[in-house]
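Enquirer: What follows is a structure written as structure tokens; I'll ask about it next.
Read the figures in this text as sums done on the coordinates, not as results from a lab. The shown structure was predicted, so the numbers you read here are calculated from the model rather than taken from an experiment. Cβ coordinates were reconstructed from backbone atoms using ideal geometry, including for glycine residues, and neighbour counts include every protein chain displayed.
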Amino acid sequence: MDVYEIYKELGISKEVYELGEKVLKDLEERFLEFDKVAEFNQLKILRAMQKNKVSAECLLGTTGYGYNDLGRETLEKVYADTFKGEDALVRPQITCGTHALALALMSNLRPGDELLSPVGKPYDTLEEVIGIRPSMGSLAEYGISYRQVDLLSNGDFDFEGIKAAINEKTKLVTIQRSKGYAMRPSLSVDRIGELISFIRKIKKDVIIMVDNCYGEFVETKEPLEVGADMIVGSLIKNPGGGLAPTGGYIVGKKECIENAAHRLTSPGLGKEVGASLSMNQSLFQGFFLSPTVTCGALKAAVFAANLYERLGYYVVPGGSEKRCDIIQSVELKTADALIAFCKGIQAAAPVDSYVTPEPWDMPGYDSQVIMAAGAFVQGSSIELSADGPLKEPYAVYFQGGLTWYHGKIGILNSLQKLVDANLVKGTLI
Ligand SMILES: *Cc1c(COP(=O)(O)O)cnc(C)c1O
């Protein structure tokens with residue numbers, strides 16, 4: 001059987017395919033490392049599931065108030081044990097990552113408190129949560145102030161600046177693990193640990209939250225193991241394993257989770273209510289698959305980095321750099337190239353492969369944005385997806401892939417579209 005035959009049917013030329021194979025030859029060791037991390041994390045989750053006696057009954061759901069939802073309560077224990085927290089809130093009622101982060105912040109801060117970001121500007125959508133951009137219901141409207149210390153130009157922490165920014169009002173520190181749509185480096189768990197120890201020396205009892213989006217199961221350690229009080233993320237990214245249809249999580253100190261639960265539902269009700277409907281099975285099963293899915297996404301990211309780096313493109317992180325999250329950016333330099341790349345990803349999707357992505361004026365952005373996603377779960381970015389704003393340097397942000405093989409065809413197809421449109425300089429060697 002010749003694998004190329006089927007690639008050919010999918011529109012991949014021999015030269016693009018062969019270039020991909022050449023790049024892959026040098027990645028065997030990296031891939032083995034990712035497999036080892038996945039193996040470790042798989043066992044960690046399995047152990048948490050066994051310890052907490054996940055049963056067939058846990059896979060059923062509740063309706064109405066959702067009192068005594070065995071599945072929901074057990075799932076939260078499994079998350080807490082896996083991520084090494086005291087308690088967890090894992091709910092379909094948390095609508096997305098931004099909601100989970102807003103919930104963690106709003107429930108643990110009080111009027112007069114100050115929030116500090118020591119790693120620069122947080123993810124775009126948090127600007128409105130915090131009130132950096134004025135917005136209805138922001139922390140600023142509730143009298144919660146905000147300070148930010150940017151990273152130094154070489155990517156290091158500005159320890160002097162952080163020390164100067166911490167004051168008697170500083171109640172909560174937010175650290176974003178993944179770079180999001182910034183060009184700064186993502187943070188490894190060890191670097192997060194370094195920052196946390198420094199901050200604790202200045203103010204011991206400050207609450208430290210880590211925005212864990214896109215970072216889960218990339219390493220064998222998670223931020224709670226290096227001193228964070230809370231980690232927060234989305235279930236339609238890594239920990240949902242592609243099966244969770246919606247939801248978000250917060251894991252950490254008991255008191256932080258209690259605060260969040262009483263804000264999500266109601267004072268007096270807390271974690272006791274919240275029907276899981278028929279979602280428990282997908283949330284358990286997706287979490288179980290998450291290390292493997294994350295591993296596939298990492299392989300796809302590193303493959304893309306090395307393929308495009310070889311062709312002379314600037315990629316972040318670099319092809320041989322250590323991975324801290326599953327996002328890969330490639331500077332494509334022109335609008336045409338960015339559009340062609342996204343068309344290639346879209347055309348390689350299992351769902352909506354026949355539609356053509358077009359740039360559009362997305363709310364909250366100062367330039368047009370193009371997005372490619374043909375996903376089983378709407379907006380899921382653990383599934384193969386790519387997007388980028390149509391402005392200099394025309395960087396595409398690429399992530400996900402439910403399987404490594406799908407990631408591979410997606411990336412090959414992105415390059416094929418660039419080649420077809422005559423947008424790749426030189427020859428493919
Ligand atoms: C995706 C993401 C968010 C927000 O999640 P949504 O589910 O899109 O609301 C926040 N922070 C980071 C770093 C992210 O990657």
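Enquirer: If you go through the range 225-232 one residue at a time, do you hit one that is in contact with a Ser or Thr (Cβ under 7 Å, 6 or more places away or on another chain) and not hydrophobic (A, V, I, L, M, F, W, C)?
Expert: There is at least one residue in the range 225-232 that is in contact with a Ser or Thr (Cβ under 7 Å, 6 or more places away or on another chain) and not hydrophobic (A, V, I, L, M, F, W, C).
Enquirer: What are the residues in the range 382-405 that are over 14 Å from LYS299 (Cα atoms) and either touching a helix residue (DSSP H, G or I) at 6+ places or on another chain (Cβ under 8 Å) or surrounded by 21 or more Cβ atoms within 10 Å (Cβ to Cβ) (or both), if any?
Expert: Matches in the range 382-405: SER385, ALA386, ASP387, GLY388, LEU390, TYR394, ALA395, VAL396.
Enquirer: Would you point out which residue out of LYS417, LYS425, LYS343, LYS408 is under 22 Å from LEU311 (Cβ atoms), basic (Lys, Arg) and surrounded by fewer than 19 Cβ atoms within 10 Å (Cβ to Cβ)?
Expert: Every option except LYS425 fails the conditions.
Enquirer: Another one. Does the range 192-225 hold any residues that are of a type in the set (Ser, Thr, Tyr), part of a loop (DSSP other than H, G, I, E, B) and away from the ligand (no atom under 16 Å from the Cβ), and which are they?
Expert: THR220
Enquirer: Suppose we filter the range 285-304 for residues that are hydrophobic (A, V, I, L, M, F, W, C) and either free of Cβ contacts under 8 Å to residues at least 24 places away in the same chain or surrounded by fewer than 22 Cβ atoms within 10 Å (Cβ to Cβ) (or both); how many remain?
Expert: 2
Enquirer: Select, from GLU141, GLU127, the only residue that is free of Cβ contacts under 8 Å to residues at least 24 places away in the same chain, on the phi < 0 side of the Ramachandran plot and within 15 Å of the ligand (Cβ to nearest atom).
Expert: When all the criteria are applied, what remains is GLU127.
Enquirer: Let me ask another. If only one of ALA228, ALA182 is under 15 Å from the mean Cα position of the chain (by Cα) and outside any strand (DSSP E or B), which one is it?
Expert: Just a single option satisfies the conditions, and that option is ALA182.
Enquirer: Further question: Report every pair of residues separated by at least 6 positions or lying on different chains whose Cβ atoms are under 9 Å apart, first residue within the range 164-191 and away from the ligand (no atom under 15 Å from the Cβ), second aromatic (Phe, Trp, Tyr) and part of a loop (DSSP other than H, G, I, E, B).
Expert: ARG191/PHE157
Enquirer: Working only within the range 65-108, note down all residues that are more than 14 Å from the ligand (Cβ to nearest atom), under 22 Å from GLU222 (Cα atoms) and of a type in the set (S, T, N, Q).
Expert: The answer is THR74, THR82, ASN108.
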